[in-house]
Every structure is written in structure tokens, then in C-alpha cells.
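Some notes on the structure that comes next.
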Amino acid sequence: MRILVVEDNPYIAKAIRVRLEHAGVQVDEAREGQRALSMVASARPDLILLDIYLPGGSGYTVLDRLKSNPDHARIPVVMLSAHATDAHSERAKIHGAEALLPKPIDSEQLLATVRGLLAAPIISNSESPDRQGSRHSA
């Protein structure tokens with residue numbers, strides 16, 4: 001399982017990385033939106049954790065670009081925000097995100113969200129034995 005973490009704060013990104021890697025997940029990182037968009041094509045993540053507030057643009061802009069690209073539209077996206085209000089949650093869903101997690105990130109909530117979003121696609125994906133083998137890792 002591979003997750004792209006798009007977070008400009010290196011301390012938050014490291015905390016997320018450590019928790020996910022401890023759970024057996026491969027993690028790639030981007031600090032800003034344009035880099036994230038280019039990494040999606042090369043890294044081919046199973047899920048994206050995307051901060052709402054990024055240098056040089058909004059996470060919503062990145063999300064809109066991802067969801068408008070047929071090659072990336074099906075990748076689940078979880079937005080991250082230190083200001084995770086109901087309004088942000090609703091806006092994230094309108095833009096196509098599957099969930100919004102508040103920062104600081106609760107490790108158990110993070111893993112439960114990842115498991116919930118990736119369980120069905122990984123279980124039913126019979127063409128990739130590596131992905132199936134990693135389904136119990138997170």
C-alpha cells in the first residue's frame with residue numbers, strides 16, 4: 001500500500017510518515033501542490049493525504065485537479081486541516097474528498113480512515129498480489 005502525504009509542515013509530515021510506515025505503509029511526501037500533482041503520476045499512490053493550506057495554493061485546487069483527471073480521479077483523498085470545521089468538511093466532500101481529518105492527527109483515527117478507504121479496493125484487486133498482501137499492514 002502506498003500513500004502520498006501532501007503536507008508543508010515537515011514535523012507533521014514526519015509524524016504521519018512514521019505512523020504509517022510503522023503500520024507497513026509505503027509513504028511518499030510532497031510539500032506543495034504542484035509537486036504533489038507530478039508525484040501522483042509517477043508514484044501512483046493508493047490514497048492521498050492532502051493538507052488544505054499549502055504554499056502557493058490551496059489543497060482544494062490540488063484536489064480539483066486530481067479529480068478532473070480521469071487517470072487520478074478514483075484515488076481516495078483525505079484532507080487534513082488544523083481548522084477542521086463542519087464547513088471545511090462539507091467543502092472537502094463537495095470537492096471530492098472522502099474525508100477530512102483534524103490536525104493534530106490522531107494516529108488511530110488516521111489508520112482507521114486509511115483502512116476504511118482502502119479495504120474494499122485492495123481486497124477485490126486480484127491482479128496485484130503485492131497490494132493484496134499488504135492489506136493487513138495498516
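The values are calculated or read from the model by the stated rules, or taken from the named source; none is laboratory data. The structure displayed is predicted, hence computed values, not measured ones. Counting neighbours? That spans all protein chains shown, and the Cβs are built from the backbone with ideal geometry, glycine included.
Observations on the model:
- HIS88 satisfies every condition listed in (1) closer than 16 Å to THR113 by Cα; (2) assigned to a helix (DSSP H, G or I); (3) touching a Ser or Thr at 6+ places or on another chain (Cβ under 9 Å); (4) not acidic (Asp, Glu) except (1).
- Flag for SER81 being surrounded by 13 or more Cβ atoms within 10 Å (Cβ to Cβ) and more than 14 Å from GLU32 (Cα to Cα): yes
- ILE75 crowded, with 16+ Cβ neighbours inside 10 Å, without any contact (Cβ under 8 Å) to a residue 40 or more places away in the chain and under 22 Å from ARG17 (Cβ atoms): yes
- Selected residue (only one of SER68, SER81 is in contact with a Pro (Cβ under 7 Å, 6 or more places away or on another chain), polar (S, T, N, Q) and either under 17 Å from ILE16 (Cβ atoms) or at pLDDT 95 or above (or both)): SER81
- In the stretch 10-24, the residues that are among the aromatic types (Phe, Trp, Tyr) form no Cβ pair under 9 Å with any partner that is in a helix (DSSP H, G or I), whether six or more places apart or across chains.
- Residues of the stretch 63-81 satisfying the condition of being more than 15 Å from ARG2 (Cβ to Cβ) and of a type outside the set (A, V, I, L, M, F, W, C): ASP64, ARG65, LYS67, SER68, ASN69, PRO70, ASP71, SER81
- The residue that is modelled with the highest pLDDT, counting only those in the stretch 106-134 that are surrounded by fewer than 16 Cβ atoms within 10 Å (Cβ to Cβ) and not in a helix (DSSP H, G or I), is ASP106.
- Here ALA99 fulfils each of the conditions (1) surrounded by 15 or more Cβ atoms within 10 Å (Cβ to Cβ); (2) under 19 Å from ASN9 (Cβ atoms); (3) without any contact (Cβ under 8 Å) to a residue 24 or more places away in the chain apart from (2).
- Among the candidates SER81, SER38, residue that is of a type in the set (S, T, N, Q) and within 15 Å of ASN9 (Cα to Cα): SER81
- Filtered residues of the stretch 7-42 (kept if among the aliphatic types (A, V, I, L, M), over 15 Å from VAL114 (Cβ atoms) and surrounded by 16 or more Cβ atoms within 10 Å (Cβ to Cβ)): ILE12, ALA13, ALA30, ALA36, LEU37, MET39, VAL40
- Among all residues of the stretch 24-41, there is none that is at pLDDT 95 or above, touching a helix residue (DSSP H, G or I) at 6+ places or on another chain (Cβ under 7 Å) and under 19 Å from LYS93 (Cα atoms).
- Restricting the stretch 85-99 to residues that are within 16 Å of the chain's Cα centre (by Cα) and farther than 14 Å from LEU47 by Cβ, the residue that is modelled with the lowest pLDDT is SER89.
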